[in-house]
Every structure is written in C-alpha cells, then in structure tokens.
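See structure below.
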Amino acid sequence: MRWLKMGFISEMRRFIFLLTLLIILLITMYGCDSSNNSYSLGTPKQTISYENLGIKYEITGSAWAVNITLNNPTGGTEQYSNVRVPHSYIYHYFPDHFLYISAQNCDDYGSVTVKIYVDGVAVKSATSSGGYTIATASGYY
C-alpha cells in the first residue's frame with residue numbers, strides 16, 4: 001500500500017510541475033508581446049512609446065548648420081559646432097531637472113527652432129529667424 005501511495009504522489013508532483021511549465025510558457029508567448037512598446041496614460045488618445053521616455057532636445061529649421069549649447073544629465077554644459085539641421089539629442093536618464101538648449105544659426109539666412117520634449121511631450125520651444133540669430137528654450141520639469 002505504501003508503494004502505491006508513493007507512486008501516486010510522485011505522479012501528482014510530476015503533473016503539477018508540467019502544468020506549471022505549460023502556464024509559464026503560455027504567459028511568455030501571449031503575455032509579453034514585444035511589438036507593443038507602449039502604455040496608456042489613462043486616455044486612449046495619449047500613448048507614449050518606451051523609446052520616447054526621457055529628455056529630447058530637437059533642432060529643426062531652414063538653417064544649414066547651427067552651434068549648439070545644452071545642459072546635460074550631469075548638470076554640465078555641452079557645446080557643439082556646425083551641427084547639421086535637423087538634429088536631436090536624446091537622454092534616457094536625466095536626474096537634473098533643469099533643461100536648456102540654444103542653437104545659433106551659422107549662416108546669414110534661415111530659421112532655427114529648438115524644442116524640448118519630456119517623455120515624448122513638447123514642453124518648451126523657441127524659433128529665431130535670420131543670420132546668426134539664436135533660439136533658446138529652457139525650464140524646469
């Protein structure tokens with residue numbers, strides 16, 4: 001009788017183990033859809049992609065090239081010369097809450113627009129038109 005009882009318990013453990021593996025496999029296959037890299041913010045119209053999380057400085061306009069000054073994640077200042085337009089700087093980790101970017105047109109004509117995005121949402125922007133003009137956007141988030 002003891003032999004029969006131990007065989008039943010052994011079979012039951014094996015069944016539970018296989019059932020657990022099957023459940024994990026199903027959750028992995030159907031619960032983790034990697035093509036859906038977004039989450040809802042409560043309204044169906046407003047969805048943010050994981051790739052957009054963080055800070056993005058964006059420079060656009062009709063200017064051919066610009067000189068850039070921006071605040072980086074460590075609180076320091078970075079400068080770049082003769083950067084082709086359009087251009088972006090993206091930081092996924094930004095512990096400093098002060099944001100700053102300026103772009104100076106390197107030519108005697110054209111326009112420059114700078115935008116600051118926080119988690120995919122534009123929070124500040126500025127535009128300048130004309131030769132050697134500067135567009136500056138800054139703020140705290």
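By the Cα gyration tensor, the stretch 81-135 has an equivalent ellipsoid whose semi-axes, rounded to whole angstrom, run 24, 11, 9 from largest to smallest.
Could you tell me what a quarter of the Cα convex hull surface of the stretch 49-140 works out to, in nm² with one decimal place? Walk me through the numbers before you get to the answer.
Values: hull surface 20.5 nm².
About 5.1 nm², averaged over all directions.
Suppose R0 equals 41 Å; then what is the FRET efficiency for HIS97 and LEU18 from their Cβ-Cβ distance, rounded to the nearest 0.05? Walk me through the numbers on the way to the answer.
Numbers: r = 52 Å, r/R0 = 1.26.
Using R0 = 41 Å, I get an efficiency of 0.20.
The numbers here are math on the coordinates, done by the rules we state, and not lab data. Since the model is a prediction, treat every value here as computed from it, not as a measurement. Positions of Cβ are generated from backbone atoms using ideal geometry, with glycine treated the same way; all protein chains shown enter the neighbour counts.
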